[in-house]
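Okay, structure first, notes after.
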Amino acid sequence: MIFITVAGIAIMEKEKSFAGKHSLYIKMAIICLIGISVNLLGSLVVDYFKWPLYFDSTGTILVAVMSGYLPGIIVGLVTNLIKGIFNTADIYYSLVNVLIAIISYTFARLGLLNRKKIWGVFLLILCLGIVGGGHGALLNRFIDNPLDRAALFEKGIWFTFLTDLFDKAVSVILVMLIQLFIPGRLQKLAKIEGWQQNPLTDSQMRNARKKIKKKISLRTKILWLLFMAGIAVGTAALIISVLLYRKYTIEEHFRLAKGTATLVSNIIDGDKVDRYIEEGDAWDEYQKTEAQLYSIRDSSPDILYVYVYQIKPDGCHVVFDLDTDELEGESPGTLVEFDESFEEMIPTLLEGGEIDPIITDDTYGWLITVYQPVYNSKGKCVCYAAADISMDLIRKNELSFMVKLISLFTGFFVLVLAVGLWISEYNIILPINAMSICANDFAYDSQKDFETNVERINRLKIQTGDEIEALYDVIADTTEKNATYVRDVRKKTETIEQMQNALILVLADMVENRDENTGDHVRKTAEYTRIIMDKMRELGYYRDQLTAQFVYDVEHSAPLHDIGKIAVSDLILNKKGKLDDDEYKEMQKHTTAGAKVLQQAIDTIPESGYLKEAKNLAEYHHEKWNGKGYPHGIAGEEIPLSARIMAVADVFDALVSDRCYKKGFPFEKAMGIIKEDAGTHFDPLVADAFIKSSDRVREVMRKFKERSAQLEADRIAREEAEAAENADKIKKDE
C-alpha cells in the first residue's frame, strides 16, 4: 500500500501536464485511483486469508486526510460500487465509506492527526468504529450478505463493534505509517484544491469571516439549497421507487400464488376428492399427492400456506392442509368456517366459479390468497386449490428494499452535496470572500494606498470564467480607474497648493518689503514653526491637536502672521528709533488688522483650514502665556496653539536678527531668553520643544545667513553689471 501511494504521487510530481488547464482534474483522478487501489488491495487480502475484517477503507481515510473531503468521498463510493460487481450487498455499504471519508477529513482539518495529539488518533478510530459497526449492524438486518464475515453480526452488536473498531484501528495506523514515508513536498502536491484565483491563507479567511457582516453566510445558503433540493428529489424518488416496488412485488406474488395454486390444482384428481376426504393419510395415493404438494410449496420460500378446500354452504371442508413450522395443518374433512373477507365471493365459490386473487387480513393473518378451481372428469368444480403468501413477508422485503435504497441514495447524495459545495466554494464563495477581503483592506489616505489597492486586487487573478470573474474584472478596472483619477486629482491639488503657497509668500514678501527691518523673517519663522511642531509630536506634547493637517496648515500659513502690517504707516514701520506710546499702540493694531483681512478671505473660502490658522497666527501671536500680551490679553491655552508656537518662533527670530536699530543677539543668549520666559511669555511645552531642537534651529540660521550673503552678492553683481553697461553706453554716445 505504501509503495502504491508513494509511487502514484511521485508520478504526479514528474508529470508535466499538471501545469496545464486540466491539471486539477488529472491530479484528482490519479489520487482517486490510488485510494481505490489501496482499498481494493486491502479487501482482496482479507478475502484471500478469510479474515473477519474488511480493510476496504484505508485508501478512503488516506485520500480524505491528504487530499480533501471530495476525493475521499469519491474513493469511498467508487470502491463499494466496484466491489458490488462481485457482491451486490457491498453496494449498500458505500455510505459507511462516505461517512469515513468525511470524519477523517474533519479530524485532519482540525489538526488532530499528528504525533503531538495521539488522543486525536484514538478518537478517530473510535468514531470510525462506531460508524462502521453501527451502520453495518443495521444494514445486515436487511441485507443477505453471502460473505462469511457477515455472520459476525449474528454474534451481537458488541462483537460487531469491537471487530469493526479493530479493523478501523489497523486502517488508521496504516494511513499514519504511509504518511511517514511520503515526503512533505509530495504530501503538499497530493492536496486537492480547486482555486480559481491566487489562494488565500487560513488567516486571511479567518479575518474575512470576522470582517464581513452577515446574518447567513453564502456557504450556508448554498449548502441548505443543495441539501433541501437533494432531500426533495431523494424523497420523491424514494416514495416513487417504494410504491413501484410494492406494486411490482405484489403483482409478482400474485403470479407466484396463482402459479402455485394452478400446479396444485393440476396434481389433484377431481374424481377422487371425496375419497381424499374419507380416507386421508390412510390412503397411499393421498400421501403421494401430499408429498407432491409439499414439494411445490417448498419450491419458493415466499409461499406460506398451500391447501385444498371443498366449498359447501356450511363452510370449507379440508381436502389437503400442509403443516408449517408455526402451524399444524387441519385433518382431511375438517370444517373451516368462511373468513369475513370471503363473504362476497361465497356465492361464486359455491357455484364453482373463479375469483380474482385477494388480500385478506383475517384468522391466519395478512395474506395474499389465490383460489384455483379443481375439476372432475365431467368438468365440474369439485374443490379449490389455494396458495397463501404472507403480506408481512412482502412488507419485510419492502422495508429491506427501502433501507438499501436509502443507504445507496445517501451515499450518492453526500457525493452530490460534496461536489456542489466544493464547486460553489472555489467558484463562488472563496472568490467573493477574496474580493471582500481586498475591499475591507483598501486604504484611501495617500496615492500609495490607491496603488496598493490596485496591486492587491490584481494579485487575486480570479478566473472562474463566469459572472464572478466578470464582477472581479469590473472591480479591478474600477479600482485602477479610481487610482488614476485620484493621481490626477492629487497632481492638480499639489499644483494648486504650490500656487497657493507661492501666492502666500508673494503676499508676505509684499508686506515684508515695506518693513526694512525684517529681512527673511516670514520664511525663517515658518521653518521654526515646523521644527517646533515636529519636536512636540516626537515628545508627545498636544498629541490630539498636532495632526498632520494641523502641522501642514500652520507651516504654510505662518508667512501671513504679519500681514496686518499692510495697514501700518511706513513711518512707524520703518522708524529708526524706539516707538513712542501712540506709535506702539498703532503698531499693535497689525494683529487685528491681519485678522480682519484674513476673515474676509475665510468668508470667501469657508472650507480653507489653512486660512483659519493664518487668522489665529495673525491675531494672537503677540499674546503671552501669562495674559499680558496683546491685542486681547488672553492667557494659557485660551491662546490658539498655532499662535503660541508662532510666538516662540517670532520672538527668537527678532532676538537673533540684525536690525538697523540693534545688533542681533548670539544664539545662546537668545535661547536663554526663550528658556527664561517659558511659563510667562511662552507656553512652557512649546518653549521646551524649541530649545530641544537647537541643532535644527542652528541649521536654519546658517541656511538663511548663506542665503542673505548670496542675495547680497547677486545684488552687488547686478549693480556692477548695470554700471558697466551704463559706462559702455556713455562711451558709445561720446
Checklist entry - Can you pull out the residues in segment 403-428 that are under 15 Å from the mean Cα position of the chain (by Cα), among the β-branched types (Val, Ile, Thr) and surrounded by 18 or more Cβ atoms within 10 Å (Cβ to Cβ)? => result Ile428
Next on the checklist: Suppose the filter is touching a residue at least 12 places away in the same chain (Cβ under 8 Å), assigned by TED's automatic domain parsing to the domain that holds Arg644, in contact with a helix residue (DSSP H, G or I) (Cβ under 7 Å, 6 or more places away or on another chain) and not polar (S, T, N, Q); does Glu613 pass it?
Outcome noted: yes
Checklist entry - In segment 428-451, what residues are more than 30 Å from Gln549 (Cα to Cα) and of a type outside the set (Val, Ile, Thr)? => result Leu430, Pro431, Asn433, Ala434, Met435, Ser436
Item to check | All positions within segment 405-436 that are closer than 22 Å to Gly68 by Cβ and among the β-branched types (Val, Ile, Thr) | outcome: Thr410, Val414, Val416, Val419, Ile423, Ile428, Ile429, Ile432
Checklist entry - Mind checking which pairs have a first residue in segment 82-101 that is of a type in the set (Phe, Trp, Tyr) and a second that is modelled with pLDDT under 85, Cβ under 7 Å, 6 or more apart or different chains? => result Tyr92/Leu139; Tyr92/Ile143; Tyr92/Lys404; Tyr92/Ser407; Tyr92/Leu408; Tyr93/Gly136; Tyr93/Leu139
Checklist entry - Across segment 104-117, what is the number of residues that are surrounded by fewer than 18 Cβ atoms within 10 Å (Cβ to Cβ) and part of a helix (DSSP H, G or I)? => result 5
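One line per residue, one yes/no per condition, for (1) modelled with pLDDT under 85; (2) exposed (fewer than 11 other Cβ atoms within 10 Å of the Cβ):
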site: Asp202; (1), (2): yes, yes
site: Lys213; (1), (2): yes, yes
site: Arg219; (1), (2): yes, no
site: Leu225; (1), (2): no, no
site: Leu238; (1), (2): no, no
site: Ser241; (1), (2): no, no
site: Lys247; (1), (2): no, yes
site: Phe254; (1), (2): no, no
Checklist entry - Does segment 396-409 contain at least one residue that is part of a helix (DSSP H, G or I), in contact with a His (Cβ under 9 Å, 6 or more places away or on another chain) and closer than 30 Å to Pro301 by Cα? => result yes
Checklist entry - Picking from Leu24, Leu33, Leu44, which residue would you name as being under 22 Å from Phe181 (Cα atoms) and part of a helix (DSSP H, G or I)? => result Leu33
Checklist entry - Does Ala689 satisfy the criteria of being of a type outside the set (Val, Ile, Thr), under 30 Å from Met533 (Cα atoms) and modelled with pLDDT of 75 or more? => result yes
Item to check | Filter pass, Gln463 being in the same structural domain as Val489 (by TED's automatic domain parsing), within 24 Å of Gly68 (Cβ to Cβ) and either touching a Cys at 6+ places or on another chain (Cβ under 7 Å) or not β-branched (Val, Ile, Thr) (or both) | outcome: yes
Checklist entry - Are any of the residues in segment 670-684 under 59 Å from the mean Cα position of the chain (by Cα), closer than 18 Å to Met533 by Cα and surrounded by 17 or more Cβ atoms within 10 Å (Cβ to Cβ)? => result yes
Checklist outcome for this item: Residues of segment 443-464 being touching a residue at least 24 places away in the same chain (Cβ under 8 Å) and either assigned to a helix (DSSP H, G or I) or not hydroxyl-bearing (Ser, Thr, Tyr) (or both), in sequence order, are Gln447, Phe450, Glu451, Asn453, Val454, Arg459, Leu460, Lys461, Ile462, Gln463
Checklist outcome for this item: Residue hits (segment 363-379; in contact (Cβ under 8 Å) with a residue 60 or more places away in the chain and either under 58 Å from the mean Cα position of the chain (by Cα) or part of a loop (DSSP other than H, G, I, E, B) (or both)) are Leu367, Ile368, Asn376, Ser377
Checklist entry - Restricting to segment 538-556, what's the tally of residues that are more than 20 Å from Asp650 (Cβ to Cβ) and crowded, with 16+ Cβ neighbours inside 10 Å? => result 0
Checklist outcome for this item: For Thr5, the lone unmet condition from (1) surrounded by fewer than 17 Cβ atoms within 10 Å (Cβ to Cβ); (2) at pLDDT below 80 is (1)
Checklist outcome for this item: Phe413 vs (1) under 30 Å from His253 (Cβ atoms); (2) at pLDDT 85 or above: all pass except (1)
Checklist entry - What number of residues in segment 70-91 are hydroxyl-bearing (Ser, Thr, Tyr) and surrounded by fewer than 24 Cβ atoms within 10 Å (Cβ to Cβ)? => result 1
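Quick grid of which residues meet (1) surrounded by 21 or more Cβ atoms within 10 Å (Cβ to Cβ); (2) under 22 Å from Phe550 (Cα atoms); (3) out of contact with any Ser or Thr (no Cβ under 7 Å at 6 or more places or on another chain):
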| position | (1), (2), (3) |
| --- | --- |
| Lys578 | no, no, yes |
| Met587 | no, no, yes |
| Leu598 | yes, yes, yes |
| Ile605 | no, yes, yes |
| Asn616 | yes, yes, no |
| Glu623 | yes, yes, yes |
| Pro631 | no, no, no |
| Ser642 | yes, yes, yes |
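The values are calculated or read from the model by the stated rules, or taken from the named source; none is laboratory data. For clarity, every value in this text was computed on a predicted model and none was experimentally measured. Neighbour counts are summed over all protein chains in view; Cβ atoms, including those assigned to glycine, are modelled from backbone coordinates with ideal geometry.
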